[in-house]
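**Q** Quick one: the structure is below, questions incoming.
Just so it is clear, none of the values below were taken in a lab; they were calculated from the coordinates. Not measured: the values here are computed from a predicted model. Virtual Cβ from ideal backbone geometry, glycine too; neighbours counted across all protein chains shown.
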Amino acid sequence: MSEDIKYGNRRSKTMSHREIRKNPFTGEYIIYSEARQVRPNRKKDFCPLCSGSPEVPEFRESVRIPNKFPALDAEGDTRKFSSGKFQIKMGSYGKCEIVVYTDNHNAKFIDLSTEEIFQIFNSWMEATKELSIDNNIKYILPFENYGEDVGATLIHPHGQIYAFPMIPNMIQKEFDSIKKYREKEKSCMVCNYIVEEQEKEERIVFQDNNLIAFVPYFARYAYDVFVYPKRHVNFLHQCTKSETNSFISIIKQTIISLNDIFEKNISYSLSLHQSPLNTQGSNMFHLYFKIHTPQRNIKSLKLLGAVETSTMTYINGMLPETAASRLREKMS
Ligand SMILES: [Zn+2]
Ligand SMILES: [Zn+2]
């Protein structure tokens with residue numbers, strides 16, 4: 001931590017609104033972003049993502065635009081500070097972008113053609129390549145929150161990209177395990193795990209020559225689907241066209257199958273977990289997509305209760321094998 005400097009009582013305008021603190025007990029980072037609380041009341045029918053709006057003057061394929069209410073700050077500080085042994089924080093430097101999927105306000109991700117979704121994937125690949133040049137960026141997360149139940153506030157089909165100045169908590173834990181395993185076994189933990197899921201078969205939702213989708217042995221939610229390339233790939237832009245097309249098809253089909261199971265357009269989170277950036281050992285990471293819905297049965301959602309929020313130990317009402325078999329039935 002040689003670049004760290006002592007942080008006294010000095011508070012810049014940016015720091016008072018956004019900062020990232022570290023829990024010294026768990027190693028977990030928490031992003032504070034007071035600016036996000038202040039969102040404008042928009043006119044009822046105004047959509048900032050429809051073409052012709054100030055944000056999207058003209059739609060061409062998929063469009064990346066800066067998030068107007070970012071959790072991380074493109075002008076933010078990149079330094080780490082400490083104001084006590086246990087009070088460690090860093091500036092909120094980072095980038096948050098919106099990816100507008102289509103000009104069609106009422107469409108959904110699953111309504112889009114393979115070519116249209118390819119353009120979205122392309123935006124994620126371009127963003128990763130572009131942002132990774134910046135040494136202060138350690139992780140890029142492309143994701144989509146769809147539906148009210150996962151907090152989406154805009155209807156217009158869109159996803160987001162967060163570029164973090166640190167490796168987010170869950171990814172750091174995965175990365176540590178992968179590195180430790182590699183040191184001991186001299187092979188990729190994920191590649192080996194995929195083989196084990198293939199042998200067991202019961203949690204597989206779908207597979208082709210390129211990819212495999214399953215509800216993992218340790219799923220947190222009833223329907224928690226992980227999609228891995230069978231080849232060891234660190235970043236989406238290293239995927240072949242054929243692998244990318246397989247991802248598009250499997251992800252689309254998984255969401256359609258979930259809608260079928262719950263007989264409605266379910267809310268879901270889709271995220272791409274790729275390798276950390278500008279970090280030693282990043283070629284050890286094996287990328288995957290994660291799709292989960294908080295929907296646990298037709299009537300109710302899985303809400304996080306005291307056990308989950310106070311201990312981060314999840315209670316899941318359905319075994320992954322059951323969820324996988326239900327999904328398998330619906331996959332065409
Ligand atoms: Zn719109
Ligand atoms: Zn691997």
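**Q** Using a cut-off of under 20 Å, list every residue of the range 269-291 whose amide N is near the label point 7 Å from the Cα of Glu148 along the Cα-to-beta-carbon line.
**A** Of the residues in the range 269-291, 269-270 have backbone N under 20 Å from the label point off Glu148.
**Q** Could you give me the percent of Cα pairs per 5 Å distance bin for the range 170-330, shortest bin first, beginning at zero and ending with the bin that holds the maximum distance?
**A** Calculated over all Cα pairs of the range 170-330, the distribution is 1, 8, 17, 20, 20, 16, 11, 4, 1, 0 percent.
**Q** Which net charge results when you count Lys and Arg as +1 and Asp and Glu as -1 among the other residues whose beta-carbon is under 10 Å from that of His292?
**A** So the environment of His292 carries a net charge of +2.
**Q** I've got another one for you. How compact is the chain by the rule of thumb for globular proteins, expressed as Cα Rg over 2.2 N^0.38 Å?
**A** Values: Rg = 20.3 Å, N = 332, 2.2 N^0.38 = 20.0 Å.
Output field value: 1.02.
**Q** Using a 4.7 Å cut-off between beta carbons, which cysteines in the chain end up with no partner cysteine at all?
**A** Cysteines of the chain left without a disulfide-compatible partner: Cys96, Cys239.
**Q** Still on this model: Please list 129-136, 301-308, 86-93 highest first by mean number of surrounding beta-carbon atoms within 10 Å per residue. Could the numbers behind the result be given before it?
**A** On the way: 129-136: 14.8, 301-308: 12.5, 86-93: 19.1.
The densest-packed peptide leads the list: 86-93, 129-136, 301-308.
**Q** Mind checking the full-extension length gain between Glu263 and Asp208? Use 0.36 nm per residue of separation minus the Cα-Cα distance, one decimal, nm. Numbers along the way, then the final one.
**A** Details: separation 55, 0.36 × 55 = 19.80 nm, distance 2.65 nm.
Fully extending the segment from Glu263 to Asp208 adds 17.1 nm.
**Q** Another question, if that's okay. Take the residue pairs Lys89/Lys179; Lys129/Lys302; Lys173/Lys330 and return only those whose Cα atoms are more than 30 Å apart.
**A** Numbers: Lys89/Lys179 25 Å; Lys129/Lys302 36 Å; Lys173/Lys330 33 Å.
Flagged as over cut-off: Lys129/Lys302; Lys173/Lys330.
**Q** Of the beta bridges DSSP finds with both residues in the chain, what % are antiparallel, to the nearest 5? Don't jump to the answer; show the numbers that get you there.
**A** Values: 48 of 51 bridges.
Roughly 95 percent of the beta bridges in the chain run antiparallel, per DSSP.
**Q** Quick check: Cα centre of the range 219-265 to Cα centre of the range 112-167, how many Å?
**A** The range 219-265 and the range 112-167 have Cα centres separated by 15 Å.
**Q** What distance in nm separates the simple spin-label points at Asn234 and Thr78, each placed 7 Å from Cα in the Cβ direction?
**A** Those two pseudo-labels are separated by 1.9 nm.
**Q** Could you give the nm distance between label points at Val307 and Ser113, where each point is 7 Å from its Cα heading toward the beta carbon?
**A** 4.8 nm
**Q** Still on this structure, I have one more. Which of the helices in the chain meet the span-like rule: DSSP H, Cα axial reach of 30 Å or more, Kyte-Doolittle mean at least 0.0?
**A** Numbers: long enough: 241-262 (32 Å, 0.30).
Membrane-span-like by this rule: 241-262.
**Q** May I ask you to list the residues of the range 130-170 whose amide nitrogen lies under 11 Å from a point 7 Å from Cα along the Cα→beta-carbon direction of Cys47?
**A** Correct set: 154-158.
**Q** Could you compute the FRET efficiency for Lys290 and Lys85, with r as their C-beta to C-beta distance and R0 at 51 Å, rounded to 0.05? Each step should come with its number before you reach the end.
**A** Details: r = 36 Å, r/R0 = 0.70.
After rounding, the FRET efficiency stands at 0.90.
**Q** Determine the calculated [θ] at 222 nm for the chain from helices alone, applying -39500 (n - 2.57) to every DSSP H run no shorter than 4 residues and normalising by the residue count; nearest 500 deg cm²/dmol. Walk me through the numbers before you get to the answer.
**A** Details: 7 runs with 91 residues, N = 332.
Helix-only estimate at 222 nm: -8500 deg cm²/dmol.
**Q** Ranked highest first by average number of other Cβ atoms within 10 Å, how do 180-191, 221-232, 107-118 line up? Numbers along the way, then the final one.
**A** Values: 180-191: 13.2, 221-232: 21.8, 107-118: 15.7.
Going by the mean number of other Cβ atoms within 10 Å, highest first, we get 221-232, 107-118, 180-191.
**Q** Provide the packing ranking of 316-326, 138-148, 55-65, i.e. peptides ordered by the mean count of other C-beta atoms within 10 Å per residue, highest first. Present the calculation step by step, with values, prior to reporting the outcome.
**A** On the way: 316-326: 17.3, 138-148: 20.2, 55-65: 15.5.
Top to bottom by mean Cβ count within 10 Å: 138-148, 316-326, 55-65.
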